[in-house]
Amino acid sequence: MAHITLVLPFALPAPEFAPDLTRALQAPALAALLSKTSGRQYRPLDAEARVLPHELWIARALGLARGLVPGVAASAMRGVGLDPGDGMWFVVNPTHIQIARTHLQMGDTRALDLREAEARALFDSARPCFEEGGYALAWGTHDTWFMRADDWTELLTASPDAAVNMNLTDWMPSGPQARAFRKLQNDVQVTWFTDPANAAREARGQLPINSFWPWGNASVATEHAQQLVAKAAGKTVARPRVAAFEAPGWLAALAERQLKSLAGLEALLDDDADWLLACGNVAAPDIAADWSGWLQQMQRLEAELFAPLLALLAKGRIKTVRLVLSHRDGLLETTTTPLAQRKFWRRPTLEPLL
């Protein structure tokens, strides 16, 4: 029987909104999965982390984390058919940074509506800036590029989802190479200011792409070192197979299967493998504080994911279901089994979300 881990970023409501959202959410299958468990634990995010809880959790599950850094770049490159060689690479996301009343702020990259042709044009115009600085820029997908910067090993970066809508004074890359980053960033910003692709974007009512965001740095050497550390500590576990649904580019690149719809869930059970399924459809409404949209996406998961999983548990098709639900500050991890679902004395409730 298969083991399924569901990673659901932003499906754990923020504490200040949790009571109202939980009352409004009609999700009996999720309630059963959360209440009739063999294990449940809430884990706060380390205060020093510059990423979100689910990003670090996934990196650790795949053996790609170095302390609090999810070093996903090299593996993500291989996922889109690129060879990282022996370089130190960063995930690069084209983005828009704007001036708020008192500070710089970056919006959600999902809302940029960056089209393939625009992204290609911006990539091509920015690449000489990277090369003149001694760096390399590689195309992954329209919203996920990769930068080689072998001497930026001590640059401290944050994920774009951690920095979104925050005061960027606290989230900009820092460390010994921060000055080199700012110079490169400025060169790219100047180049993109007059780029025809941005003029076309503004003509159709979209924000210009005026900056890039590096994070998730890793090399093959750092991946190997992390694996040796885990082995020495006796923490090596079988790496799950990864599937993704409406996930950001870096996570989609790590997945061997990208689901176009959750109707493909049962196909994951054919080979009795351990699967990690990351569903990103709740992220955008949560980041935008669109609570009606958040409820809509959670109801979608209830109908298309939680209820089918509960039925598969009852049939004995799945051995365990692990839920990893997160918000900005921590994550809730629960595990249920067919035996746990027989605990009739436990009332199904969404109270674990509080």
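The values are calculated or read from the model by the stated rules, or taken from the named source; none is laboratory data. In this text the structure is predicted, and so the values were computed from the model without any measurement. Ideal geometry is used to build each Cβ from the backbone, glycine not excepted, and the neighbour counts take in all protein chains shown. We work out accessible area using only protein heavy atoms, side chains counted, and drop any ligands, DNA or RNA first. Shrake-Rupley method; radii C 1.70, N 1.55, O 1.52, S 1.80 Å.
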(request) Choose one of ASN93, PHE130, ASN167: the residue whose Cα lies farthest towards the positive end of the charge dipole of the stretch 34-184 (beta-carbon charges +1 Lys, Arg; -1 Asp, Glu; about the Cα centre). (result) ASN167
(request) Determine the per residue accessible area of the stretch 92-165 with all protein chains present and a 1.4 angstrom probe, expressed in square angstrom. (result) 45
(request) Please build a GNM for the chain, connecting alpha carbons under 10 Å apart, and tell me which residue among GLY63, GLY205, GLY87 fluctuates the most. (result) GLY205
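For the stretch 166-219, compute the orientation-averaged projected area of the C-alpha convex hull (one quarter of its surface), in nm².
With every direction weighted equally, the projected area is 5.2 nm².
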(request) Report Rg (one decimal) and Dmax (nearest whole number) for the stretch 197-353, counting Cα atoms only, units Å. (result) 19.5, 62
(request) Using R₀ = 30 Å, calculate the FRET efficiency as 1/(1 + (r/R₀)^6) where r is the Cβ-Cβ separation of GLN299 and LYS343; round to 0.05. (result) 0.75
(request) Would you kindly calculate the translational diffusion coefficient of the chain, applying Stokes-Einstein with the Kirkwood radius from alpha carbon pairs, for 25 °C and a viscosity of 0.890 mPa s, and quote it in µm² s⁻¹ without decimals? (result) 115
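Considering only DSSP beta bridges with both partners in the chain, what is the antiparallel share in %, to the nearest 5?
Percent antiparallel among DSSP bridges in the chain is about 65.
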(message) At 0.36 nm per residue, and after removing the present C-alpha to C-alpha distance, how many nm does the segment from THR153 to TRP291 gain when stretched out fully?
(response) 45.7 nm
(request) Sum up the charges of everything whose Cβ sits under 14 Å from the Cβ of ARG78, counting Lys and Arg as +1 and Asp and Glu as -1, but leave ARG78 out. (result) -3
(message) If I require 30 Å or longer along the helix axis, counting alpha carbons, and a Kyte-Doolittle average no lower than 1.0, what helices from the chain are left? Use full DSSP H segments.
(response) none
(request) Quick one: check the C-alpha center-to-center distance for the stretch 27-105 versus the stretch 211-231, whole angstrom. (result) 13
(request) Sort all Cα-Cα distances of the stretch 222-292 into consecutive 10 angstrom bins from zero, then give the percent of pairs in each bin up to the one containing the longest distance. (result) 17, 34, 30, 17, 2
(message) In Å², and per residue, what accessible area does the stretch 185-224 have when probed at 1.4 Å with the other protein chains present?
(response) 43
(request) Multiply the residue separation of ARG241 and PHE193 by 0.36 nm, subtract the distance between their alpha-carbon atoms, and state the gained length in nm to one decimal. (result) 13.1 nm
(request) Evaluate E = 1/(1 + (r/R0)^6) for ALA200 and THR141, where r is the Cβ-Cβ distance and R0 equals 30 Å; express this FRET efficiency to the nearest 0.05. (result) 0.95
(request) Counting other Cβ atoms within 10 Å, keep those with at most 15, restrict to DSSP loop, and tell me which GluC sites (Glu not before Pro) in the stretch 135-241 are left. (result) GLU154
(request) Give, in nm to one decimal, the length gained when the segment between ASP274 and ASP20 is fully stretched (0.36 nm per residue of separation minus the Cα-Cα distance). (result) 88.0 nm
(request) Compute the projected area of the convex hull of the Cα atoms of the stretch 49-135, averaged over all viewing directions, and report it in nm² to one decimal place. (result) 8.1
(message) Give me the dipole magnitude in Debye, nearest 20, for the chain about the Cα centre, with unit charges on the beta carbon: positive for Lys and Arg, negative for Asp and Glu.
(response) 1280
(message) Positive end of the dipole of the stretch 34-109, charges at C-beta (+1 Lys, Arg; -1 Asp, Glu), about the Cα centre: which of LEU82, ILE58, PRO70 has its Cα farthest in that direction?
(response) ILE58
(request) Quick one: compute a quarter of the convex hull surface over the Cα atoms of the stretch 4-82 and quote it in nm². (result) 7.4
(request) Identify all lysines with a Cα-Cα distance to LYS36 below 17 Å; exclude those on the same chain that are fewer than 8 residues away in sequence. (result) LYS315, LYS319, LYS343
(message) I need the phi-derived Karplus couplings for the stretch 324-341: 6.51 cos²θ - 1.76 cosθ + 1.60, θ = phi - 60°, integer Hz, Gly and Pro marked x.
(response) 10, 10, 9, 10, 5, 9, x, 9, 9, 10, 10, 10, 10, 9, x, 5, 4, 5
(request) Would you mind telling me the share, in percent, of accessible area of the chain contributed by carbon and sulfur at probe 1.4 angstrom? (result) 53
(request) May I ask you to work out the translational diffusion coefficient for the stretch 95-213 at 10 °C, viscosity 1.306 mPa s, via Stokes-Einstein with Rh from the Kirkwood sum over Cα pairs, reported in whole µm²/s? (result) 107
